[in-house]
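Please read the structure below before turning to the comments.
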Amino acid sequence: MTSPKIESFAIYALMGVSLWNPGANSLLGGLGEPLRYALFGGLSLAIIVYTYITRGIRVSLSAEWTLLLAFLAYTIASAAWSEGGASAMMKATLISLTVMVSICIVNLKWLDEILVIHYRLVGCFVTACFVTVLLFPDIGIETGWELEGDWKGLAGQKNELGALAAYVVVSSVAIPLPKSRIAVAIRVVVFAIAGTCLVFSGSRGGQLIAVIGIAALIASRLPKTAQRVSLLLLLACMIPLLHLVASTISLTDDRIGVLGATFNTSNRTTLWFYGLEQLRDRLFLGFGVGGFWTTPRLLAFQDTHGWVLDNFHNGYVTILIEGGLVGLLLLMGALAFIMLLLLMAIGHLRDAHLSLGFAFVVMTLVSNVVENLIGRSTSLSFMTLLIVCFSIHAYVSWLAGRQTDQDFSYPRGYRNDLLARLFGLQKVNKA
């Protein structure tokens, strides 16, 4: 017997635990992180068992599912040659659990329901961060070097608050407005709070992905002709733009120069150079999940540079170094099929939640350039990305069948065209 309310409660609880970032200075001290993992594991297993008993666990054999699962399976298997020891095995186990529970959530909820749950949860968290900054500035405002005055609220750091606020801003615009006036007023207040946190967090990455998310929403709602013209113009500009970037780019220890502009990377490039130099001997398979930052490499980096940070702050660099060319190519293949499905779907279907799913994926992939998001085991961003990517297939199939049945304006023979053949789309009922 299924219970939608219990399912939603369990998903809210799991996402809330994923959002929780217990620091060493929290009331729980060193027990915070183990407790978080225990709660995450317990809730995940409960959802997996519930899904198996009540609905069964189904997977798709579509191209994007197959490639994404292949990348994730390879990442998990790479623990076998990782030098990370027990911590690498633990990370691989947690990634396995995250993948399994993400698939189960897709079996329980549709894309529109998942995006609303994510919006409500993150919206409440950003609001709590705003209140924390106002009432407890000692907790909610950064005081570290080059960060003084930036807002972080209850988040681990300002960039995390900025990214979450960006998702709330974009979701507030995309999700259809409720009919209740009170609910509309709450939506406006949450939008204003999120926008304020986005600005005062000082997170350039968060502000960038907010702009990209709004642009993605606009692009997904343009008329088909405008979408196609925009895509052709973008492709036409790509070759000269790439040539211009390649001829002007310069990398130093802490800055990237391109097209005459200089960007401070906060020493990220120093970390990237160090990792890529070490990769030469393990180019194809990499160092395995959690296998690069061993104690000898940490000490060697610190001796050379006088500081050390065991995080590349770039998800694609991390995947290349830990998974080698094989891992990176599997990820790129999966993302290519996911983006192709989304681009073709938003070109034919008009749906607010599909547009938000498209914007969310684009925002997360851009965020992965400056933060290590993909493969971050139990983090909310990684888990939600998996859930959204896994749920797009069935949602697009349902939308296509619904619009065909209701005789909407739709391309003739849609279910037999390239999109349907390539992704195995078929009519499904939204139970």
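The values are calculated or read from the model by the stated rules, or taken from the named source; none is laboratory data. All values derive from a computational prediction rather than experimental measurement. Reconstructed Cβ throughout: ideal geometry from the backbone, glycine too, with neighbour counts over all protein chains shown.
What to note about this one:
- Total residues in region 227-261 satisfying the condition of being in a strand (DSSP E or B) and at pLDDT 70 or above: the figure is 1.
- When Leu385, Leu341, Leu373, Leu349 are checked against the criterion of being in contact with a helix residue (DSSP H, G or I) (Cβ under 7 Å, 6 or more places away or on another chain) and modelled with pLDDT of 95 or more, a single residue qualifies: Leu385.
- Taking the numbered list (1) closer than 18 Å to Leu121 by Cβ; (2) in contact (Cβ under 8 Å) with a residue 60 or more places away in the chain; (3) surrounded by fewer than 23 Cβ atoms within 10 Å (Cβ to Cβ); (4) hydroxyl-bearing (Ser, Thr, Tyr) in turn, Ser171 passes all entries but (3).
- Taking region 44-61 as the range and being touching a residue at least 60 places away in the same chain (Cβ under 8 Å) and touching a Cys at 6+ places or on another chain (Cβ under 7 Å) as the test, only Ile47 passes.
- Looking across region 328-351, the residues that are under 15 Å from the mean Cα position of the chain (by Cα) and closer than 17 Å to Ser391 by Cβ come down to Ala334, Leu335, Ile338, Met339.
- Selection count where residues are farther than 30 Å from Glu7 by Cα and under 20 Å from the mean Cα position of the chain (by Cα), scope region 76-108: 0
- Yes/no for Gly30 being of a type in the set (Gly, Ala, Ser), outside any loop (DSSP other than H, G, I, E, B) and at pLDDT 90 or above: no
- Restricting Thr384, Thr378 to those that are surrounded by 20 or more Cβ atoms within 10 Å (Cβ to Cβ), out of contact with any Leu (no Cβ under 8 Å at 6 or more places or on another chain), under 23 Å from Ile209 (Cβ atoms) and in contact (Cβ under 8 Å) with a residue 24 or more places away in the chain reduces the list to Thr384.
- Residue pairs meeting the criteria (Cβ under 7 Å; at least 6 apart or on separate chains; first at pLDDT 85 or above and hydrophobic (A, V, I, L, M, F, W, C), in region 295-306; second part of a helix (DSSP H, G or I) and surrounded by 11 or more Cβ atoms within 10 Å (Cβ to Cβ)): Phe301/Tyr274
- Flag if Glu33 is farther than 30 Å from Gly333 by Cα and surrounded by fewer than 21 Cβ atoms within 10 Å (Cβ to Cβ): yes
- Verdict on Trp151 being within 27 Å of Ile214 (Cβ to Cβ), modelled with pLDDT under 95 and surrounded by 21 or more Cβ atoms within 10 Å (Cβ to Cβ): yes
- Boolean, Leu72 is modelled with pLDDT of 95 or more and either over 23 Å from the mean Cα position of the chain (by Cα) or over 23 Å from Thr2 (Cβ atoms) (or both): yes
- Flag set for Arg181, criterion: over 21 Å from Ser381 (Cβ atoms), basic (Lys, Arg), modelled with pLDDT under 95 and surrounded by fewer than 24 Cβ atoms within 10 Å (Cβ to Cβ).
- Every condition in (1) of a type outside the set (Asp, Glu); (2) assigned to a loop (DSSP other than H, G, I, E, B); (3) in contact (Cβ under 8 Å) with a residue 24 or more places away in the chain holds for Pro178 except the one numbered (3).
- Residue, farthest from Ala79 (Cα to Cα), within region 307-328, restricted to residues that are surrounded by 14 or more Cβ atoms within 10 Å (Cβ to Cβ) and without any contact (Cβ under 8 Å) to a residue 24 or more places away in the chain: Val308
- Criterion violated by Leu161 - all others in (1) closer than 29 Å to Val101 by Cβ; (2) part of a helix (DSSP H, G or I); (3) in contact (Cβ under 8 Å) with a residue 60 or more places away in the chain; (4) not acidic (Asp, Glu) satisfied: (3)
- Region 17-27, subset assigned to a loop (DSSP other than H, G, I, E, B) and at pLDDT 70 or above, residue farthest from Val126 (Cα to Cα): Pro22
- If you filter region 86-106 down to residues that are surrounded by fewer than 19 Cβ atoms within 10 Å (Cβ to Cβ) and of a type in the set (S, T, N, Q), you find that the one that is nearest to Asp351 (Cα to Cα) is Ser96.
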